[in-house]
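Down below is the structure, laid out as structure tokens.
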Amino acid sequence: MLAHSKLIERLTALPAAQRQGFVRLREATDVTSFLGWLKAQTLGPRLYWHARERDREFATLGCLRELTDAAALAALHRQPKPGAGSWPRYYGGLAFDPAAALAPHWHSFGHCRFVLPRIELIRLGNQIELVINLWFDNEPAQQEAELAAACAALQQVQPEARLLPPAVLHGTRTETPDASRWHALVTTLTTPDHLAVQPKVVLARESRFATTAAPNPFDLLAALQPVTPNCFHFAFEFEPGHCLIACSPERLYRRAERHLESEALAGTIVRSGDADRDDQLAAQLLADNKNRLENRLVHADILQRLEGLAARADLSAPRILRLRRLQHLRRDIDADLETDVSDADLLAALHPTPAVGGTPRRKALAFLREHESFSRGWYAGACGLISDDVAEFAVAIRCALLTPDAVRLYAGAGIVEGSEPAAEWQELDDKLATLLGVLQPGDA
Ligand SMILES: C=C(O[C@@H]1C=C(C(=O)O)C=C[C@H]1O)C(=O)O
Ligand SMILES: [Mg+2]
């Protein structure tokens with residue numbers, strides 16, 4: 001029998017004594033492709049999250065509860081452990097800047113949106129489970145309605161769809177800012193007066209393709225997965241037709257109980273196609289003052305913000321994270337958290353890091369609100385999942401927003417002392433090359 005039918009049977013037979021609080025039932029199942037499975041589903045929101053290590057994968061359908069502000073996130077922390085012994089897991093994220101207005105194409109995301117899904121498909125290692133979530137209160141009528149809603153959701157589960165090569169992206173491309181405005185912004189940020197008060201700002205660009213034929217987001221992400229090693233993969237579709245997809249190399253943090261892993265990922269050089277030349281380029285990156293400064297400002301900020309939250313925090317030596325076309329400088333941070341630190345505290349402290357915002361943070365955000373003439377929305381936001389025992393967030397870079405009338409790609413570059421406008425503009429193109437290579441195969 002199929003897993004969803006087994007879950008329906010178990011729900012129908014659920015003893016009255018178990019109709020209490022948060023309930024989660026799970027059944028082993030087998031799915032070839034989580035993205036193919038999501039593509040076939042009609043119940044939304046549809047969310048997908050895949051860890052960089054590729055050993056944990058999640059696809060979710062529907063919404064049982066939602067958290068849409070910092071207070072609701074903070075309240076999660078104090079919840080008693082549910083009787084079922086399994087914590088609810090919320091999937092979602094935060095926009096880049098909590099105080100910046102959102103353009104209409106970002107409205108369905110909001111500044112903060114986390115969903116406790118009705119249905120989860122979870123792979124841990126080789127084990128796949130289909131999960132149904134319910135939340136009962138003490139009213140018999142609510143309990144009946146909750147059971148009926150859960151069964152109805154399971155009945156809607158569709159068999160996997162076949163993934164297809166994504167439709168090729170056509171449409172006129174508009175850059176915001178354009179190259180001359182970028183030049184002016186970088187020049188402003190690298191004057192000695194500016195650098196004295198604002199050593200780093202991460203400037204970004206939106207590349208908008210006007211099209212009424214955006215590729216299917218799940219086909220697109222599936223095509224990107226094999227060419228984006230060492231990356232988190234995620235897709236967030238809160239409303240039909242509006243989907244953010246990302247192949248991000250950058251972890252914001254992972255927390256397992258009181259243990260925290262974070263990192264400074266900043267500083268960039270290309271790859272060459274030749275192994276020896278790549279090693280030379282990596283050595284050049286490790287020795288380069290501008291790139292080291294980009295990275296140093298990130299780990300200094302993260303370590304400083306962990307003071308008071310962590311009993312211990314250690315920084316690794318610099319290493320190279322290799323992607324398909326780029327290499328980045330990376331330093332890992334490993335910490336033990338103080339007892340009562342919540343994910344709401346961690347998100348408020350760490351996000352946005354100077355890898356995507358700048359330092360000092362408030363000044364950088366104020367500069368971007370004033371001078372960046374597009375809406376970042378969830379680009380450079382924090383995306384991931386929270387439960388009481390484990391939480392994990394990636395930074396939403398190397399991403400695309402697909403909407404009914406456009407595909408928008410985003411790329412940014414850290415501007416510090418030594419940044420040159422043309423080289424930083426080129427870095428934006430280098431960061432988009434993998435995505436564009438799949439979206440517009442002939443042109444890459
Ligand atoms: C802002 C982005 O990437 C960030 C900027 C980097 C840089 O300037 O060297 C490198 C990695 C990320 O910290 C992006 O990809 O959009
Ligand atoms: Mg850079």
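See the values below:
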quantity	calculated
Table column - 3J(HN,Hα) (Hz), the stretch 130-147, Karplus curve with 6.51, -1.76, 1.60, x for Gly and Pro	9, 10, 10, 10, 9, 9, 9, 10, 8, 7, x, 5, 5, 5, 5, 5, 5, 4
Mean Cα-pair separation over length for the chain, i.e. relative contact order, pairs under 8 Å, 6 or more apart, %	22 percent
Principal axis dimensions, the stretch 22-157 - Cα atoms, whole angstrom, descending	42, 40, 27
Dipole in debye (nearest 20) - the stretch 173-443, about Cα centre, beta carbon charges: Lys, Arg +1; Asp, Glu -1	480 debye
Listed residue (71, 249, 222) projecting farthest to the positive dipole end of the chain, Cβ model	222
Estimated inter-spin distance, residue 429 and residue 9, nm [label 7 Å along Cα→Cβ]	6.0 nm
Spacing of the two label points (7 Å from each Cα toward its C-beta) at residue 275 and residue 287, in nm	2.2 nm
Reachable lysines, given that their alpha-carbon falls under 25 Å from the alpha-carbon of residue 363 and they are not under 8 places away in the same chain	200, 290
Pairwise centroid distance, computed over Cα atoms, of the stretch 141-164 with the stretch 22-86, Å	14 Å
For the stretch 145-217, convex hull of alpha carbons as volume per residue, Å³	210 Å³
Other-chain or far-sequence residues with amide H under 5 Å of residue 200's (modelled H)	359
Fraction of the pair-distance distribution of the stretch 173-443 above 29 Å, Cα-Cα pairs, percent	31 percent
Qualifying GluC sites (Glu not before Pro) in the stretch 217-291, DSSP loop, other Cβ atoms within 10 Å at most 15	257
Backbone HN-Hα couplings from phi across the stretch 200-208 [Karplus 6.51/-1.76/1.60, Hz, Gly and Pro as x]	8, 9, 8, 8, 9, 9, 9, 9, 9
Whole-Hz ³J(HN,Hα) from phi, Karplus 6.51 cos²θ - 1.76 cosθ + 1.60, for the stretch 329-346, glycine and proline x	7, 9, 10, 8, 10, 10, 9, 10, 7, 5, 3, 9, 7, 9, 5, 4, 5, 5
Computed FRET value (nearest 0.05) for residue 369 with residue 30, which takes r as the C-beta separation and R₀ as 56 Å	0.70
Degrees between helix 361-371 axis and first principal axis of the chain (Cα, 0 to 90, nearest 10)	80 degrees
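The numbers here are math on the coordinates, done by the rules we state, and not lab data. Values in this document were obtained by computation on a predicted structure and should not be read as measured data. Here Cβ is always computed from backbone atoms with ideal geometry, including for glycine, and neighbour counts include all displayed protein chains.
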